[in-house]
Every structure is written in C-alpha cells, then in structure tokens.
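Read-outs: derived from the displayed coordinates by stated rules, not from any lab. Values in this document were obtained by computation on a predicted structure and should not be read as measured data. FYI the Cβ positions are ideal-geometry reconstructions off the backbone, even for glycines, and counts take in every protein chain you see.
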Amino acid sequence: MLKLGRRFACALVAVAAFAAPAWAQTTLKVALHSDLKIIDPIWTTALISTHHGNMVYDTLFALDDKLEVKPQMVDKWEVSPDKLTWTFTLRDGLEWHDGKPVTAEDCVASIKRWGAKDSMGQKLLGVVTDLSAPDAKTIKMVLKQPYGLVLESLGKSSSNVPFMMPKEVASTDPNSQITDATGSGPFIFKKDEWKAGEKAVYVKNPKYKPRPEPASGLAGGKVAKVDRVEWLTIADTSTQVNALINGEVDLVEIVPPDLLPLLAKEKNIKIMVTNTAGRQYAMRFNVLHKPFDNPKVRQAVLYGLSQKEFLEANVGNPDYYKECKSLFPCGSPLESTKGWEDKISGNVAKAKELLAAAGYDGTPVVLLHQTDTAGHNNLATVAKPQLEKIGLKVDLQPMDWQTLVTRRTKKDPPDKGGWSAFFTSWGATDVLNPVSAAFLNASCDKATFGWPCDPELEKLRDAYASESDPAKQKAIAEQVQLRVLDYPTLVPLGQFTTPTAIRTNVDGLLRTPSLALWNVEKK
C-alpha cells in the first residue's frame with residue numbers, strides 16, 4: 001500500500017507539473033500616478049477614476065489611434081434624412097458582470113447621467129428632445145436641430161467618458177457617487193480586495209465578447225490577456241522605479257524625466273509614451289468668491305504667471321514639454337495664439353496695474369496644492385511666488401490629490417473649507433475644442449468646479465457645436481479664446497508628455513489618451 005501510495009503521489013505531482021501552465025494565473029502589477037479612492041468616473045473627472053472606468057466599463061463608441069470615432073458596443077446606426085433622428089443598435093453578446101444582458105434602457109440611463117455632468121454631454125442633451133429605448137437593443141435619439149458632434153460626444157475618450165452602466169446604477173443622482181462598479185467591460189473590479197491607499201484589483205471577465213477588429217487606441221477588440229491586474233499604491237516615484245527594477249511591479253505609469261537615466265541602464269526595462277497627443281497644464285479659478293469673482297483680478301493672473309517656469313519645475317526635460325499660448329493644443333486644428341501673445345510671460349508690471357484697477361483688497365488666494373502626483377506636485381509651489389510678486393496674498397494648502405479632488409467640489413467660501421484656485425492637467429484630446437473642454441463650460445451651476453457663469457461664452461460654444469465647416473469652427477474657437485481673456489476661466493500652462501516604463505516581458509500596451517490594459521500580455 002505504501003509503494004502504491006508513493007507512486008500515486010508521484011503521478012499526481014507529474015500531472016500537476018504538466019498541467020500547471022494551462023491554469024497558472026498571470027498577474028500584471030502596475031504603479032499608477034495616484035491612489036484610487038473614487039470609483040465613479042462620472043462624478044469626478046480625475047484621471048485615475050477614468051483609468052478605472054476603462055477597466056470595467058464599455059462605451060457605445062470610442063476613438064482609435066488616429067482619433068477617429070469607431071463603434072464599440074454599437075453594431076450599426078442610422079441617421080434620418082433630416083439629420084434629426086439617430087438610431088443605434090447594440091451588438092450581440094453584451095452582458096453585465098452579474099450575468100444580466102445589457103439593454104438599451106441601461107444605455108439611455110447612462111447617457112442621461114453622463115450628460116448631466118460632462119461638458120460635451122450637456123451640450124448634446126441640450127439639443128435632444130427624446131432619448132428612448134424602443135426595444136432591448138435599440139437606442140433612439142431625436143434632436144430639435146441637426147448637431148454635428150453626436151458621435152464625437154458618445155465616443156469621447158477622456159474625462160468624463162460616457163461609460164455604460166446598468167440602469168439601476170446609472171439612475172444614481174449625478175451629484176452622488178456610485179458604489180456599485182458593475183460594468184460590461186473586459187475586467188471585473190474586485191471590490192472585496194480594494195484597499196484605498198494600498199491596492200485595487202481587477203480580474204479578467206471570462207464572458208466578455210470583444211469586437212473582431214484589432215485593438216486600436218480605445219477602440220477595437222478589448223482582449224484581456226492577463227488574468228489579474230493589481231494597481232499598487234506607491235506614493236514615491238523613486239520607490240516605484242526601484243520596484244520596477246527589482247521586478248516587484250511590471251509597469252510605472254509616469255516616470256519623472258530626472259529618473260529616466262537610471263532606467264536607461266536597465267536591459268529589462270523599456271520606455272514609451274502612451275499618450276502621444278500629450279496633456280495640457282491648467283490653473284482653474286473659482287469665480288464664486290473673492291478675489292477671483294472679479295474678472296480683472298483673474299486677468300492680472302493671466303499676465304503675471306510665467307508658463308515656462310511651470311514646465312521647467314514640473315517636467316524639466318524640454319524633450320517632454322512645449323510652451324503653448326493657445327487654449328487649444330498646439331499641433332491641433334484649432335491651435336491659435338490670437339490675443340494671447342503677451343500673456344503667461346511673467347509681465348509683473350501689467351499684472352500689478354490690473355490688480356490695482358480691480359481694487360484688490362488683500363483677500364487671500366486659497367491655493368490647493370497636491371503633493372503626491374508626479375509631474376504636478378510643483379505647480380502650486382511655482383504659482384505661489386509668482387502670484388505674490390504681483391501683489392496677491394496666497395494661502396498655500398497642501399494635500400494629496402484625492403483629497404483635492406473632493407475638496408474642489410465644495411462651493412463654500414475659501415476661509416470656510418472652500419478654495420480659490422487649483423492646478424491640474426487635461427489630456428489634449430479633452431480640450432480639442434470649445435465644447436469638449438470642461439474648463440470652458442460657463443453654464444453657471446451646471447459647469448464643473450469653479451462654476452463660471454458667462455452667457456456670451458455659452459453662445460459661442462453653442463455656435464461651435466452647430467457649425468460643421470472647419471474654417472468657421474476655427475473662427476468661432478478664436479472668438480472663444482478672445483472671450484476667455486475678458487472672462488478668464490482658466491490659465492493654460494503649457495503642454496507635456498509623460499514617459500511610461502515597462503518591463504520587457506510585457507507587450508501590447510496601447511497608445512491611448514488614458515490608460516488601457518487590455519491587449520497587454522505578460523510573458
């Protein structure tokens with residue numbers, strides 16, 4: 001019996017050894033730019049929440065790597081001859097993570113929730129007279145007038161992305177955070193393993209049916225090629241890079257340029273820029289309270305800030321940054337410096353003149369300062385001395401980025417827990433035009449945090465959305481740019497790209513405006 005037992009045990013070991021590769025789990029470990037604390041990518045525009053959305057949700061349309069809109073959950077669509085009725089048919093095989101089929105009613109509820117918060121969504125729903133689901137696979141959208149940005153809106157690739165959610169989740173008040181992360185995308189969120197400040201975990205969705213086309217940008221077949229993805233929270237970028245060198249993580253999303261020489265010596269690590277379109281730094285004003293309720297005080301800031309100092313302090317390597325005195329990205333169709341030639345160049349004398357004319361009374365500027373996001377943690381510290389140089393009093397308040405994301409939603413006065421200004425960045429694809437750029441939304445309470453309220457700016461955004469001729473669109477965009485000089489809502493502070501570091505046994509990372517981890521395989 002003993003000999004038989006040993007032979008049986010040996011046989012089991014042999015079988016197990018032979019079979020192991022068939023069921024061995026592949027885990028991809030990544031260190032990202034921020035901790036995940038908010039899992040609602042509609043409630044917030046925070047990039048980390050959009051990354052989360054890409055993992056678990058799907059979209060009706062998406063942008064490919066040429067920034068062209070492609071169908072994603074949609075199989076086919078039709079537009080009536082008068083261009084007022086759009087009919088979308090969902091493709092077969094769409095299923096929520098809980099096993100229930102995706103229905104058109106789910107999508108209608110999702111579009112409405114997204115459209116209540118997003119800059120482009122608000123404009124789209126502003127011309128919609130009926131949004132309904134005639135049957136389980138059909139979405140019907142009726143417009144009061146032809147609208148040139150229907151597909152561009154539904155295929156928006158960055159914050160806020162129109163992610164599709166189950167109806168019961170999408171019915172949540174847009175101003176309240178969802179807590180249910182049930183999606184229909186290529187990965188499933190393991191909420192039971194989520195520990196804010198430590199890690200977030202996703203596992204492959206075995207029932208996801210990808211499109212047949214190859215993956216391209218955020219479009220095409222979303223094929224999950226690893227079984228498990230772990231987002232590990234490592235606040236310090238040097239520690240992230242050391243973890244990558246030691247094989248403790250497989251990918252570091254953002255590597256500061258000063259650490260690139262260290263990685264250049266490592267044969268097992270490669271560097272790439274995934275978002276080739278880049279990002280745009282921005283200072284955002286809160287127009288509800290003093291001192292930035294006065295447009296002339298904001299105009300003084302436009303003159304007083306020096307764009308290049310922000311780029312040098314936060315990026316450092318000119319290979320990865322570009323000065324750009326345009327509201328719309330340099331290199332994009334709407335690039336223009338009209339009216340901005342003498343702004344953001346550190347003209348202290350002009351700024352002081354405007355501040356005096358504005359009657360500035362010494363009210364402190366409460367400046368929110370994120371301390372933990374690579375490439376952004378020196379934005380507020382560069383601004384403080386520049387603002388003080390022109391005569392503003394500054395109260396710099398440091399905090400981590402996720403705390404700032406929550407704080408910036410508060411409308412309280414700055415001395416009672418509110419704020420005057422903060423700094424962030426947008427993907428270039430976020431700010432390609434006056435409708436998509438959230439910081440140009442001046443619809444008062446409907447606008448995103450900062451809440452600018454300017455009917456003239458809104459008329460120009462409506463005019464852009466209704467125009468289809470590129471030359472006329474550019475002329476309207478220049479009018480928007482000039483209007484922002486009179487009624488500033490933000491200060492553009494230059495463009496930059498961020499290098500991502502990956503171990504060489506990881507392949508398939510896509511070039512996308514926000515992180516996508518389908519198509520990635522680990523050997």
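Report the full-extension gain for the segment Lys225 to Asp469: residue separation times 0.36 nm, less the Cα-Cα distance, to one decimal in nm. Working shown, then result.
On the way: separation 244, 0.36 × 244 = 87.84 nm, distance 4.23 nm.
Extra length available between Lys225 and Asp469 comes to 83.6 nm.
On C-alpha positions alone, give me the angle between the axis of helix 2-23 and the longest principal axis of the chain, in degrees, nearest 10.
30 degrees
Given an 8 Å cut-off on Cα distances and at least 6 residues of separation, report the relative contact order of the chain as a percent.
Values: 1158 pairs, mean separation 104.4, N = 523.
Once normalised by length, the contact order is 20 percent.
Dividing the alpha-carbon Rg of region 426-523 by 2.2 N^0.38 Å yields what? Provide the component values of the computation, followed by the final result.
Numbers: Rg = 18.1 Å, N = 98, 2.2 N^0.38 = 12.6 Å.
Relative to the 2.2 N^0.38 Å estimate, region 426-523 comes out at 1.44.
Show me the trypsin sites (Lys or Arg not before Pro) within region 353-408 that DSSP assigns to loop and that have at most 16 other Cβ atoms within 10 Å of their Cβ. Before the final figure, lay out each step's value.
Values: sites: Lys389, Lys393, Arg407, Arg408; in loops: Lys393, Arg408.
When the trypsin sites (Lys or Arg not before Pro) of region 353-408 are filtered for loop state and at most 16 Cβ neighbours within 10 Å, Lys393 remain.
Among Val366, Asn317, Pro174, which residue has its Cα furthest toward the positive end of the charge dipole of the chain, with +1 on Lys/Arg Cβ and -1 on Asp/Glu Cβ?
The residue sitting most towards the positive pole is Asn317.
Cα axis of helix 348-357 to longest principal axis of the chain: angle in degrees, 0 to 90, nearest 10?
Helix 348-357 sits roughly 70 degrees off the main axis of the chain.
Amide H to amide H, which residues 5 or more places from Gly217 or on other chains are under 5 Å from it, using H placed in the peptide plane?
When sequence neighbours closer than 5 places are left aside, the close amide H contacts are Asp65, Arg511.
Please state the equivalent ellipsoid semi-axes for region 279-496: what are the square roots of 5 times the Cα gyration tensor eigenvalues, largest first, in whole Å?
Numbers: eigenvalues 123, 78, 63 Å².
Whole-Å semi-axes of the equivalent ellipsoid: 25, 20, 18.
Full extension from Asp258 to Asp361: what is 0.36 nm times the residue separation minus their Cα-Cα distance, to one decimal in nm? List each step's numbers first, then the result.
Values: separation 103, 0.36 × 103 = 37.08 nm, distance 4.13 nm.
That pair, Asp258 and Asp361, stretches by 33.0 nm at full extension.
Would you mind getting me the FRET efficiency between Cys444 and Lys393? Use the beta-carbon distance for r and R0 = 22 Å, nearest 0.05. List each step's numbers first, then the result.
Numbers: r = 28 Å, r/R0 = 1.26.
E(calc), rounded to 0.05, equals 0.20.
5 Å is the cut-off here: which amide hydrogens, built 1.01 Å from N in the peptide plane, fall below it relative to Val249, excluding neighbours closer than 5 in sequence?
Leu244
If you fit an axis through the alpha-carbon atoms of helix 455-466 and take the longest principal axis of the Cα set of the chain, what angle between them do you get, 0 to 90°, nearest 10?
50 degrees
Roughly how many debye, to the nearest 20, is the charge dipole of the chain about its Cα centre, given +1 on each Lys and Arg Cβ, -1 on each Asp and Glu Cβ, and no other charges? Mind dumping the intermediate values first?
Details: 64 positive and 61 negative charges, 192 e Å.
Using only the charged Cβ atoms, the result is roughly 920 debye.
For the residues Asp486, Asp192, Asp130, what sequence is obtained by ranking on other C-beta atoms within 10 Å, fewest first?
Ascending number of Cβ neighbours within 10 Å: Asp192, Asp130, Asp486.
Under 5 Å between amide H atoms, partner at least 5 residues away or on a different chain: which partners does Val520 have, H built in plane at 1.01 Å?
When sequence neighbours closer than 5 places are left aside, the close amide H contacts are Lys225.
Which net charge results for the neighbourhood of Lys474, defined as the other residues with beta-carbon distances under 11 angstrom from its beta-carbon, given Lys and Arg at +1 and Asp and Glu at -1?
Details: positive: Lys338, Lys472; negative: Glu335, Glu467, Asp469, Glu478.
Net of charged neighbours comes to -2.
Enumerate the calculated ³J(HN,Hα) couplings along region 487-502 in order (Karplus 6.51 cos²θ - 1.76 cosθ + 1.60, θ = phi - 60°), each rounded to whole Hz, writing x wherever the residue is Gly or Pro.
10, x, 10, 7, 10, x, 10, x, 10, 7, 10, 10, x, 10, 10, 9
Residue by residue, what Karplus-based ³J(HN,Hα) values in Hz, rounded to whole numbers, does region 163-169 have, using 6.51, -1.76 and 1.60 with θ = phi - 60° and x for Gly and Pro?
6, 8, 10, x, 3, 5, 7
For Leu244, what charge total do you get from the other residues with a beta carbon under 9 Å from its beta carbon, if Lys and Arg give +1 and Asp and Glu give -1? List each step's numbers first, then the result.
Values: positive: Arg503; negative: Glu248, Asp250, Glu266.
Its environment carries a net charge of -2.
Using a 10 Å cut-off around each Cβ, can you sort Leu149, Leu517 from fewest to most neighbouring Cβ atoms?
Working: Leu149 20, Leu517 24.
Neighbour counts put them in this order, fewest first: Leu149, Leu517.
Identify, among Pro413, Pro470, Cys330, the residue whose Cα sits farthest towards the positive end of the charge dipole of the chain, taking +1 on the Cβ of Lys and Arg and -1 on the Cβ of Asp and Glu, with the dipole about the Cα centre.
Going by the charge dipole, the pick is Cys330.
I need the phi-derived Karplus couplings for region 268-281: 6.51 cos²θ - 1.76 cosθ + 1.60, θ = phi - 60°, integer Hz, Gly and Pro marked x.
8, 10, 10, 10, 8, 9, 7, 9, 5, 6, x, 9, 10, 5
For semi-axes √(5λ) of the Cα gyration tensor in Å, pick the label among (i) 42, 28, 23; (ii) 41, 30, 20; (iii) 46, 36, 22 that corresponds to the value derived from the coordinates.
(ii)
Would you order Ser158, Ser466, Ser420 from fewest to most other beta-carbon atoms within 10 Å of each residue's own beta-carbon?
Ser466, Ser158, Ser420
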